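The values are calculated or read from the model by the stated rules, or taken from the named source; none is laboratory data. Since the structure is predicted, the reported quantities are computational estimates derived from the model, not experimental observations. Positions of Cβ are backbone-derived with ideal geometry, glycine not excepted, and every protein chain shown enters the neighbour counts. Accessible surface is based on the protein model in full, side chains and every heavy atom, while ligands, DNA and RNA are left aside. Shrake-Rupley method; radii C 1.70, N 1.55, O 1.52, S 1.80 Å.
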Amino acid sequence: MTYADGFISGSVAGAAGLVVGHPFDTVKVRLQTTQLYSGFTNCCRRVVAEEGFRALYKGMAAPMASVSVMNAVFFGVYTTVLQSIDDDMDSPKIMSTYIAGTTSGFIAGLISGPTELVKCRIQVSGMASTKKVGGNIQVIRDIVAKDGKRGMGRGLGLTISRELVSCGFYFAAYEWIIQWFRGEDKEIGDLTTMHLIAAGGISGMLSWGINYPIDVVKSRIQIDGMDGPRKYRSSMCCAKALHLQTGWTGLYRGVSATLFRAFPTNAAMLPAYSITLSLLTRLRAEKHVSQY
């Protein structure tokens, strides 16, 4: 297994997860940042009725432009770190997967922070509480014109924090579930695609459930100031304001959309990564054998 294998497999996995999960992400961001909708179903119906089905894919161009690079680096770093700290890649220690996951999460947060900023602003564009914005380039221009280049880093610390919490738990949970499915008598190759889908979906839901409050604050911080002066001086100020407005339950507003999104997205992403990586490894082995 090489870094290039992890890079290519990560690209495929990222694209698969984004296409499946982006509509759910649009609903999630709208529920996190406004009180216009009563819940997940109400938001879906109103977005489609008022703006058309394509509105559910608003903002996808920004993450799609970086998803291949981000997930390639994400999975590539994970694979490289895991190989360096654990000798058994078929059955690595759970703590090894956690360490490799948090390392890759830090890198992923650095890359995804600016693209998430653009994505969130486009996703809420056109709602009653926000003005309609242009495409990705126009949003970037507006941010830089108002806040300078540093404005593109708005919410970056929260994005990194979210990924650190999420990714370590994500990979550790995935590996634990895979090893549980295998038991003591199965090899990794004996597992079916359904095993991989279940492990990916469940680990994704668990990791999002743990870090969701961070994501709510991040989304609010990133769209703050779109229509005028900023409301929040810091992430703590935002969390306190949300608590005063809705109680602590506000930190879980939109969680249903996220969990609905987490299962199919991660059920598509991790199996896509595992299957692609297995295919590349097999092709590399066959090429090596044919040379001798």
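General observations
- Counting the residues of region 243-280 that are in a loop (DSSP other than H, G, I, E, B) and either within 20 Å of the chain's Cα centre (by Cα) or of a type in the set (A, V, I, L, M) (or both) gives 2.
- Residue check, K119 under 23 Å from the mean Cα position of the chain (by Cα) and either of a type in the set (K, R) or not in a helix (DSSP H, G or I) (or both): yes
- Within region 239-257, the set of residues being in contact with a Gly (Cβ under 8 Å, 6 or more places away or on another chain) and closer than 21 Å to C44 by Cα comprises V255, S256.
- Subset tally (residues that are part of a loop (DSSP other than H, G, I, E, B) and not small (G, A, S)) for region 26-40: 4
- Selection status of F7, of a type in the set (F, W, Y) and over 23 Å from I221 (Cβ atoms): yes
- Whichever residue in region 36-59 is touching a residue at least 24 places away in the same chain (Cβ under 8 Å) and either open to solvent by 20 Å² or more (accessible area, probe 1.4 Å) or of a type in the set (G, A, S) (or both) and, among such residues, is farthest from G135 (Cα to Cα): G39
- As for region 143-158, it holds at least one residue that is outside any helix (DSSP H, G or I), surrounded by 13 or more Cβ atoms within 10 Å (Cβ to Cβ) and small (G, A, S).
- Of all residues in region 108-128 being open to solvent by 10 Å² or more (accessible area, probe 1.4 Å) and among the small types (G, A, S), the one that is modelled with the highest pLDDT: G126
- Which listed residue, of K240, K231, K218, is modelled with pLDDT of 85 or more and assigned to a loop (DSSP other than H, G, I, E, B): K231
- Contact annotation: residue pairs with Cβ atoms under 6 Å, 6 or more positions apart or on different chains, pairing a residue in region 86-107 that is open to solvent by 30 Å² or more (accessible area, probe 1.4 Å) with a partner that is part of a loop (DSSP other than H, G, I, E, B), are K93/D86.
- Candidates A13, A4, A62, A72, filtered to the one that is surrounded by fewer than 19 Cβ atoms within 10 Å (Cβ to Cβ) and not in a loop (DSSP other than H, G, I, E, B): A4
- Selection within region 20-70 - farther than 15 Å from S125 by Cβ and among the hydroxyl-bearing types (S, T, Y): Y37, S38, T41, S66, S68
- Options L270, L251, L242; residue that is open to solvent by less than 50 Å² (accessible area, probe 1.4 Å) and under 19 Å from A13 (Cβ atoms): L270
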